Amino acid sequence: MKKIISLVLVAVMAMSCVIGLASCGGSNTASDSKTAEVKELHMATNAAFEPYEFYKNKKIVGIDPEMAQAICDKLGYKLVIDDMDFDAIITAVTTGKADFGMAGMTVTDERKKKVDFTDSYTTTTQVIIVNEKDSKVKTIDDLATATIGVQRGTTGDVYVSDLKKAKIERFNTGPDAVLALTKGKVDAVVIDGQPAKAFVKKNKGTKILSEPFAEEDYAICLAKDSKLTAEFNKALKELKKDGTLDKINAKYIKE
Ligand code: ARG
């Protein structure tokens, strides 16, 4: 009987080792593996935003997942990525469905009313994508009376929504907005600079107007007063200092 029990115990321990990989390190007493159980952190994102988050071989990759992984490694958490619509991310964070949101997300005063942001990890610009041929939009001013495609709930959406005479078409993803542009359904797409470059590369006949639209900072959002924010900031600082952030940026942004 004793033998059977110890056999079962060994089996259970081996199983928990497989399930919670990180708990396998170090001494393997039962109490140890209990306390060493790694807490999962769920990251809410919208993975149609190369180079920040996108699918490659059915896996979500990019600057944000790699930074998030580096932060979680440093702080001892297991990273789980949840892909969703961009305009669902903040609600996921405020309702606790996700522990943080990381999606090339711009820090804005409006969002700050609902969530806290870490220190910024990137500065970027909004740009305008148009068709190379016969574009109605040749300068920023032309946006005023154009049909403009944006990703729903993004800062691009917010900026152009101020243009009272423009017609705004809101899409679920950036690629959907760009597709509408290539089909002539919208005159321009307003979106973040780096993703715009990736979209233009994939869509012949489109280009980015040289005038940038607005400057922005990206940061990670967390629930208001979350204790994690300070931990994240500390990890971010270290990853900036030791060159990890630069290395990850250089891997995905080649200019
Ligand atoms: N920076 C913009 C914003 O925060 C767009 C972000 C879109 N991100 C994404 N993963 N689709 O509103």
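Can you find, within segment 147-161, the residue that is nearest to the ligand (Cβ to nearest atom) among those that are buried (at least 18 other Cβ atoms within 10 Å of the Cβ) and in a helix (DSSP H, G or I)? Selected residue: Thr155. Taking the condition farther than 26 Å from Ala88 by Cβ and either in a loop (DSSP other than H, G, I, E, B) or touching a Leu at 6+ places or on another chain (Cβ under 7 Å) (or both), does Lys201 pass? It is false that Lys201 is farther than 26 Å from Ala88 by Cβ and either in a loop (DSSP other than H, G, I, E, B) or touching a Leu at 6+ places or on another chain (Cβ under 7 Å) (or both).
Restricting the search to segment 116-129, which residues are surrounded by fewer than 23 Cβ atoms within 10 Å (Cβ to Cβ) and either outside any loop (DSSP other than H, G, I, E, B) or of a type in the set (Lys, Arg) (or both)? Within segment 116-129, Asp116, Phe117, Thr122, Thr123, Thr124, Thr125, Gln126 qualify.
Can you report the number of residues in segment 216-232 which are open to solvent by less than 10 Å² (accessible area, probe 1.4 Å) and not charged (D, E, K, R)? Walk me through how you get there before you give the answer.
At the first step, the residues of segment 216-232 found to be open to solvent by less than 10 Å² (accessible area, probe 1.4 Å) are 216, 218-222, 232.
Next, only the ones that are not charged (D, E, K, R) stay: 218-222, 232.
Result for segment 216-232: 6.
Would you confirm, using the coordinates I've provided, whether Lys224 is closer than 24 Å to Pro65 by Cα and more than 16 Å from the ligand (Cβ to nearest atom)? Yes, satisfied.
Might you let me know whether segment 135-146 holds any residue that is of a type outside the set (Phe, Trp, Tyr) and within 16 Å of the ligand (Cβ to nearest atom)?
Quick first cut of segment 135-146, residues of a type outside the set (Phe, Trp, Tyr) only: 135-146.
Going one step further and asking which of them are within 16 Å of the ligand (Cβ to nearest atom), we end up with none.
Checking segment 135-146: not a single residue is of a type outside the set (Phe, Trp, Tyr) and within 16 Å of the ligand (Cβ to nearest atom).
Of all residue pairs spaced 6 or more apart or on separate chains, those with beta-carbon atoms under 6 Å, a first member in segment 206-231 that is at negative phi and a second member that is more than 16 Å from the ligand (Cβ to nearest atom) and part of a loop (DSSP other than H, G, I, E, B) are Lys207/Glu132. I need a count of the residues in segment 210-255 that are part of a helix (DSSP H, G or I), under 22 Å from His42 (Cα atoms) and of a type in the set (Asp, Glu). So the count comes out to 2. The residue that is nearest to the ligand (Cβ to nearest atom), counting only those in segment 194-204 that are open to solvent by 10 Å² or more (accessible area, probe 1.4 Å) and not basic (Lys, Arg), is Gln194.
Kindly provide the set of residues from segment 19-51 that are at pLDDT 85 or above and touching a strand residue (DSSP E or B) at 6+ places or on another chain (Cβ under 8 Å), ordered by number.
Step one: of segment 19-51, the residues at pLDDT 85 or above are 38-51.
Answer for segment 19-51, where residues must be at pLDDT 85 or above and touching a strand residue (DSSP E or B) at 6+ places or on another chain (Cβ under 8 Å): Val38, Lys39, Glu40, Leu41, His42, Met43, Ala44, Thr45, Asn46, Ala47, Ala48, Phe49.
Contact map, segment 112-128: residues that are among the aromatic types (Phe, Trp, Tyr) paired with residues that are away from the ligand (no atom under 12 Å from the Cβ), Cβ distance under 7 Å, separation 6+ or inter-chain. Pairs shown: Tyr121/Met67; Tyr121/Leu236; Tyr121/Leu245. Reported count of residues in segment 130-146, each being more than 29 Å from Ala219 (Cα to Cα) and either of a type in the set (A, V, I, L, M) or surrounded by 13 or more Cβ atoms within 10 Å (Cβ to Cβ) (or both), is 8. For Ala70, the criteria (1) free of Cβ contacts under 8 Å to residues at least 40 places away in the same chain; (2) crowded, with 16+ Cβ neighbours inside 10 Å; (3) more than 16 Å from the ligand (Cβ to nearest atom) hold in every case but one, which is (1).
Of all residues being open to solvent by less than 10 Å² (accessible area, probe 1.4 Å) and free of Cβ contacts under 8 Å to residues at least 60 places away in the same chain in segment 96-110, which is nearest to the ligand (Cβ to nearest atom)? Just the residue, please. The selected residue is Ala103.
Identify, please: which residue in segment 162-183 is outside any helix (DSSP H, G or I) and open to solvent by less than 40 Å² (accessible area, probe 1.4 Å) and is, among those, farthest from the ligand (Cβ to nearest atom)? That would be Ala166. Give the residues of segment 205-215 that are of a type in the set (Ser, Thr, Tyr) and either surrounded by fewer than 19 Cβ atoms within 10 Å (Cβ to Cβ) or within 16 Å of the ligand (Cβ to nearest atom) (or both), sorted by residue number. Scanning segment 205-215 gives a single hit, Ser210. So for segment 184-194 (the condition being basic (Lys, Arg), assigned to a loop (DSSP other than H, G, I, E, B) and modelled with pLDDT of 95 or more), does at least one residue qualify? The answer is yes; a qualifying residue exists.
The values are calculated or read from the model by the stated rules, or taken from the named source; none is laboratory data. Fair warning: this is a prediction, and the values are worked out from it, not measured in the lab. Methodologically, a virtual Cβ is constructed for each residue, glycine included, from the backbone with ideal geometry; neighbour enumeration extends over all protein chains shown. Remember, those area values only see protein heavy atoms, side chains included, never the ligands or the DNA or RNA. Shrake-Rupley method; radii C 1.70, N 1.55, O 1.52, S 1.80 Å.
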